[in-house]
Every structure is written in C-alpha cells, then in structure tokens.
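Enquirer: Here it is: the structure, laid out below.
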C-alpha cells in the first residue's frame, strides 16, 4: 500500500472531466481520493507532499505505440529499460507492438510480456498481439487467446497485412474479442525499396522514393474494410494530407476509424534528410511541409485522435550504417512531451486538446480505465513543468538505445513527476 | 389443398404445410422401417444418385431409403466420368434421363445446380446438397429429430454454431425450423458467419456462452480446419477453446437441451467426445431419421398418388 500523496498548487487539466483549474490532488491507497481548490485539502492528510506550483497536473499519459523489443531483441531495449524511459517521459501506460522475437502471436508470448512487465516495469504495459502468425500476412494469429492474456489491440505494425482478404477476415475475427486493429498503413509493394518520401528531394539526394500514395492506398483500403466489417480500425502514424482526407470522410460517415500522429511527423520534414542522417529515417517517411501542416491541423481539430510515439529503439549496428541500409524509426518516449508541447506553445493546439490526445483519447481506443483523474480511479498522474528547458543529453537517455534526432537538443517542457497507481515512479 | 411437391430443390421453397406433410409421412413410415419391412411405393422405379461431390453417408441414406420403398438405385459418380470429358451438367443429366429413371438425386459443389437440373429435366430432382446453398433433406431430418425428442419445434430456441457462412445445413435448417415456429440464433467466429446474419432472420452472437443457457437445441456444424482455412481460424486449439462445445460450456445448457450434429464430427474441436456421446446427444437418431425423411421425400415426388392412397388406407400394406 502506497503512502498518501498530496499534489499541491498545480494547474489540473483533465479533458475527460472537462477540468482545467488550479487545485490540489489527493491520492490515497493508490487511488485519486479528492480534487479540490488550492489549500482546501489539509496537508496533514498526506504523508508525502509534491509541490506542483507552476506545473500542470495531468492524468497519466498513455502511449499506445511503442516497441519494447523484449523478448528477443534485448540489445535494442528491454521491457525494463523501455518502461523506465516511459515514466521518465511522463507516460504511465504503454502498449507494446508485437514485432519481438518470437513475435507476440501466441497467448504464451503475451503472457510472458505481461508477467515480465509486472515484475520489472514501473508503468503499465499492454501488449498488442500480432494479426498474423509471425507477422507473415499468411494466417491469422491466435487473437482470442492473446486477448484472454491481456492483449488490448492487434497489429502487424511494421509489416502491413497486404492480403486484403486476410485483413478483412482479421477485422471480422477481432470483432469477437472486442479489440481494435492497428494498421501500419503502407502498401509494401508500392513502397518497394523506397527509403524516404518520394519527390524532388529524393530525386536530388539519389535515394529511392516511397510515395505518399503507398500510405494513401492502404488507409483507403482499411477504411473500405472497416465499412465492410465495422471492426474498429486505428491508423498508426498517419502522415499525408490525402490520407487525412480519407480519414475525414470516413469519420463523417460514422465509421469506427481513428488515427494517431507521431511527434516526428508533426514536427519534422523530409528536409532533415539532406545530410543522410539515419536518425531521420522512418516508416512512413518524413513528409513535406504541406503534409506536416495538414497533420497539425488534423490533430488540433480532433480529426487525428491522439499522439503516439512509435518509440523504436535500435542499436548502433542498426542505425550507424548507410542510409538505405539503416533501420526505420527513432526512440520517442522521453522527447514526446516537449516536442509536441511545442505545438501548444506555438498556438497550434490548445493545452486541453494536447492533454486529451495523450490521455483520454488513447485510453478510450484501448478500452482502458485510465487517462482520467476521476476520483476513485487508480491514481496515474503526470506532473509537468511546461516552461522548463533542458537538454536531452546522452547521459539523460534512459532507453537502452540512443537513436534520436533530438539528442543534444534543448527542449521545453519537463516531467517533474510520474505517478503510477499512487506511487511516484519518476521524479 | 397442399401445393404439389414436384422436386425438392430447396428448403426455402417448402411451405409449412409441405414440411408438416413430409414429417408426418416420415413418422408413419417409422414403425415399418423399425420392423425391417418394405413399403413398396417405389416398386419398379429407379432412382439415380447423381453425385458430383464425394459423399458416403448421404448417398447411402438415399440408397437405403429407395430400397425400403422397393425401388432400385444406381449411383453415378460424376467426378470420375463424363464431366472429366468436358460434358456439361445438363447434358450429363439428360443422358441419364434418357435411360428412363424416375428420379434424380443430385449433389454438387456448385450452388444452384439442382435448380438448373429441375428446370431442364422432365423427372423429379431431389437436392442432396449444393455448395453452400442448401441440403433440404438434412434439415428435414433435423426437424424430425427435434420433433421426436422435444415433441415440437414450435417455440423452441435453436442455436446453430460453427461455420454458418459455408454451411448448406445451416441455411436449410434456418428455412425449415423458422417455418415450424422456432427461434434461431447462429454462433461462430465472425469470419465464419454470413456478413449480415440478421438478413437470414436469425439472431447471432460471437460467443457460445451467451446463447447456451436459453437453448433447447444445439446444432454443431463441422468446421474445416485444413491449412487453407487459416485465414479464418487461427488453429484448432483456439477454435475449440472459444467455439467448441466442451464439458464446461455444456454445463450452461438447460437440463433437457439436446445436441445435434450432421456429421462427420471433429471430436475435440466442435464437440468434445463426452458431449458427442453423452445423454443429450441425438446424433445417431438423426442418422436413422434421415432414412425416414428421404423415404418420405422420394415417395412424395415419385409416386404422390400411391403415397396418398397408402396413407388413406391407414398406412397398411399395398
């Protein structure tokens, strides 16, 4: 049983309860027990006080798209290091993708991740099961068994299911277990050998292009299959203006389609690739200015539901190689908050919308009782100083991998404390 | 006046009066068959079993039914004959009809084949299963078995589970049991349910546990677990766990609920052995009743006058 905790004097922003007020939050027995005006809750009720003056007090943040790499790829990340990076970045829950070795395509791997997380992780971990066995896109994985062991969604993230018949069947099948399908929507055949956004710049740099159409085709397909099956479909890291247009029409139609934006797609463009720095190599690739603008607008309007990092740790051996040989992706758990908070500072997003996209929106997608400061609920809380600057230096990297384009950058917005189930797990 | 039964192509074509008549005839035949007696309503007639798809039990059941009525049967396994030489379905059938039989019993992997033949031929056609479409005599024998065990079909809750989308048995049963006043729910992985189950006039659920407590009749269907089906079912293990009627799930059933299966059973998959062989199981009654309803159908389409006369005389020997 954790000791009682009083978080004093912060700005409480909880979009799930339409709350944006100065106040104190009392945590007892691991649960939110009271929220009141500043000074109203006697300090004597808590064994532990946390000074949140000048800070934001938020429902614990959720990141529904991370790669923890365990089992099998522990040289990149482990459940322990990845979740320590998560709480350092203000996240109290993460959902981890299935592309481990072995792939999380059976109930046994799901149970392993759950049990390992229970033993070593400072935050909550929700496994995402594979759609197909071995992520091969040939046969359905044991989705029912994985859900019974705690999987909250299914995805062949990184290996899009190219067979539309199979994807349709997967959506049908998932309905029996009430989990959404998360789609990494890129037509793998059209991507081909492409390593960056196709356009004048890829031509200039002599790198093979991956056209926006590859994403747009699969987003359109997932929407068509969603219309057919009515299975909830979530588009991971949506990145092109036209894909957003498909999404807008699908939502207007009332289809259960949602989408996430990654911090890098919201803030970086393909121009970053000029020097062939592999820290800017992602899938989908960084796009042009107009796509980034459209993505920011879509996040602000709620068309894009949430922010997810696609935290993708890779070792030196994977990233310090030729651009076209390098692995896709970057770590993101520790930088997501400051990088996306910059959109609030710039006036692109309201604070409320920003918090929603990291709390209640992802919680709703996975059907989790978190992302809220509702009294009585388990106390997952993130305390953030939105103004404090800090440098993301090598020694501050908690993740086992260092593949970040933000390494050495000055960032604004710093996590003061992360609380999971009433316990301070990062300070 | 009951509509004349010229062919039996689809359960969808039967009205409640026709279904009631056929089941009544089957019931009248029952004591004779149990005593091993012949009812010579097909004396001097020949029934051709034209099977374009492998089948042992259905074909045998039709053969036995024909012989119990004093008729002769000829089997025509189309997969090993003229079809391989490129002959069309209708030409094959017309050639057979030219030999002078009195009825054709047809099974075909392509939905609608019996309907095509019924329009093209001058003799009665009985459907012994066409693709995913219909298997009307199976549904008649299931209805007969339910009536026999539970007195009536009317008002009963019937749960059909398994591969509904690709099941001619499910489709025919839905038609017949609904017309007899049952309420029906289908269950299975959504990959094996038709896209709009409601359009069939039935309820549906993805989890068997939701439906079992209210069921009077549970009808298990065979599932295809071959590798080529792994886009619809991940494994036999997962199927059995969520959609197999095992001892645990069977505990949810009412005391008098009965279990049917059209066979052949995948033991340990859709039905556990102790459930398949337990006291609720009426599976072997279904097989016996299959002979009775096929006799009723053959007599009704091949010799309606003789049958009416025989019934008028109280079912005594002709």
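Every number in this text was worked out from the coordinates using simple rules, so none of it is lab data. Keep in mind the model is a prediction, meaning the values are calculated, not measured. Because the Cβ atoms are built from the backbone with ideal geometry, glycine has one as well, and the counts that use them run over all protein chains shown.
Enquirer: For chain B, state what percent of all Cα-Cα pairs lands in each successive 10 Å bin, counting from 0 Å until the bin that includes the largest distance.
Expert: Reading upward from the zero bin: 6, 27, 33, 23, 10, 1.
Enquirer: Now for a different question. Using a simple spin-label model with points 7 Å from Cα along the Cα→Cβ vector, what separation in nm is obtained for residue B:273 and residue A:387?
Expert: In this crude spin-label approximation the distance works out to 7.6 nm.
Enquirer: Over the alpha carbons of the range A:1-103, what is the largest minus smallest coordinate on each principal axis, giving the biggest first in Å?
Expert: For the range A:1-103, the Cα extents along the three principal axes come out at 52, 29, 21 Å.
Enquirer: Report the equivalent ellipsoid semi-axes for the range A:221-325 in whole Å, largest first, defined as the square roots of five times the eigenvalues of the gyration tensor built from alpha carbon atoms. Could the numbers behind the result be given before it?
Expert: Details: eigenvalues 163, 47, 24 Å².
Over the Cα atoms of the range A:221-325, the ellipsoid semi-axes are 29, 15, 11 Å.
Enquirer: I've got another one for you. Specify, per residue and in Å³, the volume enclosed by the convex hull of the alpha carbon atoms belonging to the range A:59-366. Could you put the intermediate results ahead of the total?
Expert: Numbers: hull volume 34.8 nm³, N = 308.
Per residue, the Cα convex hull of the range A:59-366 comes to 113 Å³.
Enquirer: Let me ask something additional. Quick one: A:91, B:242, fewest Cβ neighbours within 10 Å first, how do they rank?
Expert: Working: A:91 30, B:242 22.
So the residues, fewest neighbours to most, are B:242, A:91.
Enquirer: Something else about it: Bin width 5 Å, alpha-carbon pairs only: give the P(r) of the range A:273-427 as whole percents, running from 0 to the bin holding the largest distance.
Expert: Calculated over all Cα pairs of the range A:273-427, the distribution is 2, 8, 14, 19, 20, 17, 12, 6, 2, 0, 0 percent.
Enquirer: Mind jotting down the three principal axis lengths of the range A:196-242 based on Cα atoms? Whole angstrom, largest first.
Expert: Answer, in whole Å and largest first: 43, 15, 15 Å.
Enquirer: Please list the three semi-axes, largest first and in whole Å, of the ellipsoid equivalent to the range B:102-196, using sqrt of 5 times the eigenvalues of its alpha carbon gyration tensor.
Expert: On the way: eigenvalues 129, 68, 16 Å².
Here the semi-axes work out to 25, 18, 9 Å.
Enquirer: Compute the label zone of residue B:72 within the range B:41-57: residues whose backbone N is under 13 Å from the point 7 Å along Cα-to-Cβ.
Expert: B:43-48
Enquirer: Here is a further query. How high is the relative contact order of the range B:136-285, given as a whole-number percent (alpha carbon pairs under 8 Å, six or more residues apart)?
Expert: About 23 percent, as a whole number.
Enquirer: Then there's this: For the pair residue B:287/residue B:152, report the inter-label distance in nm, with labels modelled 7 Å from Cα in the Cβ direction.
Expert: For the pair residue B:287/residue B:152, the computed spacing is 3.2 nm.
Enquirer: Counting only Cα atoms, I'd like the Rg/Rh figure for the protein assembly as shown, Kirkwood definition for Rh.
Expert: Details: Rg = 33.0 Å, Rh = 29.4 Å.
Checking Rg against Rh, the ratio lands at 1.12.
Enquirer: Per DSSP H run of at least 4 residues, take -39500 (n - 2.57); add these up for the protein assembly as shown, divide by its residues and hand me the 222 nm value, nearest 500 deg cm²/dmol.
Expert: Numbers: 26 runs with 253 residues, N = 745.
Helices in the protein assembly as shown give a 222 nm mean residue ellipticity of -10000 deg cm²/dmol.
Enquirer: I need the calculated FRET efficiency for the pair residue B:254 and residue A:138, taking r as the beta carbon distance and R₀ as 35 Å, to the nearest 0.05. Intermediate values should be presented prior to the final figure.
Expert: On the way: r = 42 Å, r/R0 = 1.19.
Efficiency computed from Cβ-Cβ geometry: 0.25.
Enquirer: Now, a different point. Over the range A:110-259, what is the mean sequence separation of C-alpha contacts under 8 Å (at least six apart), divided by residue count, expressed as relative contact order in percent? Can you show the working numbers first?
Expert: Numbers: 260 pairs, mean separation 26.4, N = 150.
Averaging sequence separation for qualifying contacts and normalising by length gives 18 percent for the range A:110-259.
Enquirer: Which value results when the Cα radius of gyration for the range B:218-307 is divided by 2.2 N^0.38 Å? Mind dumping the intermediate values first?
Expert: Working: Rg = 17.1 Å, N = 90, 2.2 N^0.38 = 12.2 Å.
For the range B:218-307, the normalised Cα radius of gyration is 1.40.
Enquirer: Then there is this: Taking chain A as a Gaussian network, Cα atoms linked when under 10 Å apart, which of A:267, A:78, A:372 shows the biggest mean-square fluctuation?
Expert: A:267
Enquirer: Got a sec? Which residues in the range A:193-231 would a label at residue A:253 touch, if it sits 7 Å along Cα→Cβ and we count backbone N under 13 Å?
Expert: Only A:219-231 fall inside the zone, counting backbone N under 13 Å.
Enquirer: Mind jotting down a quarter of the surface of the convex hull over the alpha carbons of the range B:1-141, in square nanometres, one decimal? Write out the running numbers ahead of the final one.
Expert: Numbers: hull surface 34.2 nm².
Computed as one quarter of the Cα hull surface, the answer is 8.5 nm².
Enquirer: Separate question: Would any residue of the range B:244-281 have its amide N under 17 Å from a label point 7 Å out along Cα→Cβ of residue B:203? List them or say none.
Expert: What the label zone holds, given the 17 Å backbone N cut-off, is B:252-255, B:257-258.
Enquirer: Assuming a ≥ b ≥ c are the square roots of the Cα gyration tensor eigenvalues, decide whether the range B:172-223 counts as rounded (a/c under 1.5), prolate (otherwise, with a/b larger than b/c) or oblate. It would help to have the intermediate numbers written out before the result.
Expert: Numbers: a/c = 1.57, a/b = 1.16, b/c = 1.34.
Oblate shape, in that a/c is at least 1.5 and b/c is the bigger or equal ratio.
Enquirer: Expressed as a rounded percentage, what relative contact order does chain B have, with Cα pairs under 8 Å and six or more residues apart? Numbers along the way, then the final one.
Expert: Working: 587 pairs, mean separation 62.9, N = 318.
Relative contact order comes out at 20 percent.
Enquirer: Using r as the Cβ-Cβ distance of residue A:20 and residue A:301, and R0 as 25 Å, what FRET efficiency do you calculate, to the nearest 0.05? Please list the in-between numbers first.
Expert: Values: r = 19 Å, r/R0 = 0.76.
In this case the efficiency is close to 0.85.
Enquirer: Also, I was wondering about something else. With just the Cα atoms of the range A:122-231, tell me how far they stretch along each of the three principal axes, in Å, largest first.
Expert: 50, 40, 21
Enquirer: Once each part is reduced to its C-alpha centroid, what is the distance from the range A:1-70 to the range A:303-337 in angstrom?
Expert: 30
Enquirer: Report, in whole Å, the centroid distance computed from the Cα atoms of the range A:134-192 and the range B:288-310.
Expert: Cα centres, the range A:134-192 to the range B:288-310: 52 Å.
Enquirer: At a Förster distance of 41 Å, what's the computed FRET efficiency of residue A:208 paired with residue A:43, Cβ-Cβ distance as r, to 0.05? Let's see the in-between values first.
Expert: Numbers: r = 62 Å, r/R0 = 1.51.
Approximately 0.10, to the nearest 0.05.
Enquirer: Starting from the Cα of residue B:60, step 7 Å along the direction of its Cβ; do the same at residue A:345; then give the gap between the two resulting points in nm.
Expert: 8.1
Enquirer: Normalised by the empirical 2.2 N^0.38 Å for globular proteins, what value does the Cα Rg of the range B:136-285 take? Mind dumping the intermediate values first?
Expert: On the way: Rg = 13.9 Å, N = 150, 2.2 N^0.38 = 14.8 Å.
Scaled against compact globular proteins, the figure is 0.94.
Enquirer: Choose one answer from B:281, B:172, B:55: the residue with the largest mean-square fluctuation in a GNM of chain B with alpha-carbon springs under 10 Å.
Expert: B:55
Enquirer: To check you understand DSSP bridge types, tell me what percent of the beta bridges within chain B (both residues inside) are antiparallel, rounded to 5. Numbers along the way, then the final one.
Expert: On the way: 1 of 35 bridges.
In chain B, approximately 5 percent of DSSP beta bridges are antiparallel ones.
Enquirer: Also, quick follow-up: Pick from B:241, B:107, B:68: which residue has the top mean-square fluctuation in a GNM of chain B where Cα pairs under 10 Å get a spring?
Expert: Residue with maximal mean-square fluctuation among B:241, B:107, B:68: B:241.
Enquirer: Ranking A:189, A:231, A:272 by Cβ neighbours within 10 Å, fewest first, what do you get? Don't skip to the end; give the middle numbers.
Expert: Numbers: A:189 10, A:231 23, A:272 16.
Starting with the residue having the fewest Cβ neighbours, the order is A:189, A:272, A:231.
Enquirer: What whole-number distance in Å separates the alpha-carbon centres of the range B:144-208 and the range A:341-382?
Expert: Using only Cα atoms, the two centres lie 45 Å from each other.
Enquirer: Rank the residues A:247, B:5 as a footprinting-exposure proxy: fewest other Cβ atoms within 10 Å of their Cβ go first. Each step should come with its number before you reach the end.
Expert: Working: A:247 24, B:5 18.
In increasing order of surrounding Cβ atoms, one gets B:5, A:247.
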